[in-house]
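Notes to accompany the following structure.
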Amino acid sequence: MAYSHAIIFKQSPFQNKSGQDALELALTLATFEQDVALFFKDAGVLQLVKNLNGQIAGRKTYTAAFKSLDLYDIEQVFVCENSLAKFGLTEQDLIIPVSLINVQNWREQLGNHQRILTF
């Protein structure tokens with residue numbers, strides 16, 4: 001039985017490896033034809049900011065790999081609009097197209113998935 005997976009990004013990039021681990025998990029699940037949706041909230045929205053440079057923090061810059069989501073048929077990418085606003089960001093600041101959702105829609109969208117993994 002194939003499950004639908006929601007992967008939630010809540011930490012800023014380069015703070016630790018959780019963002020990179022979450023992205024690698026999403027790509028791996030999609031490789032095995034699992035349904036995957038990505039959710040970005042709190043500092044996790046910073047994962048999607050254009051032109052990030054992990055070398056400044058002494059880490060690998062993995063965030064450009066978000067551009068490859070289409071190749072893996074990962075089409076559901078949700079960003080909490082409150083979190084984006086908190087950091088003074090707009091959709092134009094992000095590396096890929098996303099669906100902005102409010103807190104209520106966040107809960108509804110998560111409810112569509114059998115497995116929820118938070119990083």
Is the stretch 84-91 home to any residue that is free of Cβ contacts under 8 Å to residues at least 40 places away in the same chain and buried (at least 19 other Cβ atoms within 10 Å of the Cβ)? yes
Within the stretch 13-51, restricting attention to residues that are farther than 16 Å from LEU110 by Cα and among the basic types (Lys, Arg), which residue is surrounded by the most Cβ atoms within 10 Å (Cβ to Cβ)? LYS17
Touching a helix residue (DSSP H, G or I) at 6+ places or on another chain (Cβ under 7 Å), farther than 16 Å from ALA6 by Cβ and surrounded by 13 or more Cβ atoms within 10 Å (Cβ to Cβ), is that true of ILE95? yes
Quick check on this structure: which one of GLN109, GLN55 is in a helix (DSSP H, G or I) and either touching an Asp or Glu at 6+ places or on another chain (Cβ under 6 Å) or at pLDDT below 95 (or both)? GLN55
Looking at this structure, is LEU71 exposed (fewer than 12 other Cβ atoms within 10 Å of the Cβ) and assigned to a helix (DSSP H, G or I)? yes
Residue count, the stretch 24-50, condition out of contact with any strand residue (DSSP E or B) (no Cβ under 6 Å at 6 or more places or on another chain), part of a helix (DSSP H, G or I), within 21 Å of LEU89 (Cα to Cα) and not charged (D, E, K, R), comes to 2
For THR28, indicate whether it is farther than 13 Å from PHE119 by Cα, among the polar types (S, T, N, Q) and touching a helix residue (DSSP H, G or I) at 6+ places or on another chain (Cβ under 6 Å). no
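Among the residues of the stretch 2-18, are any aromatic (Phe, Trp, Tyr) and touching a helix residue (DSSP H, G or I) at 6+ places or on another chain (Cβ under 7 Å)?
There is at least one residue in the stretch 2-18 that is aromatic (Phe, Trp, Tyr) and touching a helix residue (DSSP H, G or I) at 6+ places or on another chain (Cβ under 7 Å).
The values are calculated or read from the model by the stated rules, or taken from the named source; none is laboratory data. Here the structure is a predicted model, which means the values were calculated and not measured. In this analysis, Cβ positions are derived from the backbone assuming ideal geometry, glycine residues included, and neighbour counts consider all displayed protein chains.
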